Amino acid sequence: MNAHVADGLLRAGNANCAGCGMTLGLRWFGEALAGTTPLLAIPPCCATVTSGLFPTTAYHAPGIATTFASSAAVGSGMSRVLRQNNEDQPVVCWTGDGGTYDIGMATLSAAAERNEDVIYVCYDNEIYGNTGGQRSSATPMGAKTTTSARGKVERKKDIMAIMAAHRVPYAASLSLAHHDDFVRKVKLALGLGGFRFLLMLSPCPAGWKCQPDESVALVRMAVGCGIYPVFEVFDGVRYRVNVRPDGTPLEDYLARQKRFKSEGLDVDFLQADVSARWTQLRALEEASPAEDEECATLDDVQTPAVAVSCEVRS
Ligand SMILES: Cc1ncc(C[n+]2csc(CCOP(=O)(O)OP(=O)(O)O)c2C)c(N)n1
Ligand code: SF4
Ligand SMILES: [Mg+2]
C-alpha cells in the first residue's frame with residue numbers, strides 16, 4: 001500500500017470502542033500528516049486491534065506490528081533504511097502507555113538517546129486497555145483498575161520529564177480538546193528531524209468507566225484542572241506552556257469517571273501533586289532560553305529552585 005493519508009490515517013470499519021480517544025487522535029494525526037506517506041510501527045495494544053483482521057486493515061498507511069518492547073527499535077530500523085535510500089517518508093511509532101512508560105521504555109530511551117529520525121506517539125489511556133484494564137505506571141494515583149481494585153497507590157510516572165531529560169529535539173503533549181494546537185504540533189514535529197515525542201491523553205470509556213460521548217469534554221477538564229498539562233519542550237530545555245489551567249475543579253474531572261470512585265482516592269494529595277507540578281512547569285518555562293537563543297547544553301540553564309512536596313505515602 002502506498003497511499004497518502006489525505007483521507008485520514010484511520011478508515012471506517014475499525015475495531016475501536018465508541019468514544020475511544022485514540023480514534024479521534026488518529027483522525028487528527030492523519031489530518032496533520034496529509035500529503036505524506038507515513039510508515040507505522042505499532043506494538044501490541046488497542047491500536048493493533050484497531051486495524052482489524054489480516055489481510056484487511058483500517059489504517060490508511062503501511063505498518064509493522066512489532067513486539068511489545070521493540071516499537072522504537074523497529075521504527076529506528078525502518079527510518080535508517082529509508083534514509084539510506086534517500087526516502088523521507090515519516091516513520092511513526094504509534095504506541096500505548098504500556099508500550100511506552102513500561103515495557104517499551106528501554107528501546108524508547110535508546111532511540112531517543114541516539115536521536116533516531118522517528119515521530120513517537122504515545123496515546124495514553126492510563127491502563128493496559130487491550131488486555132482488560134490492568135494498571136500501568138501511567139495510571140493516576142487513586143484510579144481503580146483490574147489490578148488496583150482499591151485505587152492505585154503510586155503516582156503517575158512523568159514521561160514528559162523523562163523524555164525532556166533525553167534532550168530530544170521536540171517533546172509535546174497533545175490535547176484532544178484543542179484541535180488547532182494538536183495539528184500545529186504534529187506539523188511542527190513533522191518538519192523537524194530527529195526524535196520527536198508526542199504524548200496524547202486518550203480517554204478510554206471502557207477502562208475509565210465514563211460515557212463515550214464525554215471523551216473530549218473529559219480531556220478539556222483534565223487540561224482545565226491542570227492534571228494534564230499541555231506544553232512543549234524544545235531540545236529538552238526550552239519549555240512553552242500552550243494551554244493554562246482555567247480553574248476547573250479537579251474534583252469535577254474525577255467525579256465524571258467511575259474509576260475514581262475508590263477508597264484509595266485522596267483528592268487533597270492529588271491536588272497538591274498537580275499544584276507542585278505546575279509550580280515546577282512555570283519555573284521551567286521562566287528559566288527557558290529565549291527562542292533565538294542557542295540552547296547548547298543543559299548546564300546553560302539554571303535548575304530552578306522549586307518548592308515541591310516530597311510527601312511519601314505509606
Ligand atoms: C512482552 C509482552 N507482555 C505482555 C503482552 C500482552 N499484552 C498485549 S497488549 C497489552 C496491553 C497494552 O497496553 P497499552 O500499551 O497501554 O495499550 P492499550 O491496550 O491500552 O491500547 C499486553 C499486556 C505482550 N503482547 N507482550
Ligand atoms: S479499550 Fe479503551 S483504548 Fe481500547 S479501543 Fe476501547 S476505548 Fe479505546
Ligand atoms: Mg494503555
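Sum up the charges of everything whose Cβ sits under 9 Å from the Cβ of Ala32, counting Lys and Arg as +1 and Asp and Glu as -1, but leave Ala32 out.
So the environment of Ala32 carries a net charge of +2.
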- Show which lysines lie in cross-link reach of Lys258 when reach means a straight Cα distance below 16 angstrom and same-chain residues fewer than eight apart are skipped. Lys144, Lys152, Lys209
- Which of these, Gly264, Gly75, Gly13, has the largest mean-square fluctuation under a Gaussian network model of the chain (Cα springs below 10 Å)? Gly13
- Ranking of Asp266, Asp292 by count of other Cβ atoms within 10 Å, fewest first: Asp292, Asp266
- Ordering of 131-144, 181-194 by burial proxy (mean other Cβ atoms within 10 Å per residue, highest first): 131-144, 181-194
- Hull-based mean projected area of the chain, where the convex hull spans the alpha carbons, in square nanometres: 15.8
- Task: With only Lys, Arg, Asp and Glu charged, each at its Cβ (+1 for the first two, -1 for the last two), find how big the charge dipole of the chain is about the Cα centre; round to the nearest 20 debye.
- Result: 1040
- Task: Could you work out the local net charge near Tyr123, counting Lys and Arg as +1, Asp and Glu as -1, over the other residues with Cβ closer than 13 Å to its Cβ?
- Result: -2
- Note on the structure: Summing -39500 (n - 2.57) over every DSSP H run of at least 4 residues in the chain and dividing by its residue count gives a helix-only mean residue ellipticity at 222 nm, to the nearest 500 deg cm²/dmol, of -9500 deg cm²/dmol
- Task: List the aspartates and glutamates whose Cα lies under 16 Å from the Cα of Lys157, skipping any in the same chain that are fewer than 8 positions away.
- Result: Asp97, Asp102, Asp124, Glu126, Asp273, Glu311
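With a ≥ b ≥ c the root eigenvalues of the C-alpha gyration tensor of segment 125-263, is it rounded (a/c under 1.5), prolate (a/b larger than b/c) or oblate?
prolate
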- Note on the structure: Summing +1 per Lys or Arg and -1 per Asp or Glu among the other residues with Cβ less than 13 Å from Cys46's Cβ gives -3
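Read the figures in this text as sums done on the coordinates, not as results from a lab. The structure presented is a predicted model; accordingly, all values stated were derived computationally and were not measured. Note: ideal-geometry Cβ built from the backbone for every residue, glycine included; neighbour counts use all protein chains shown.
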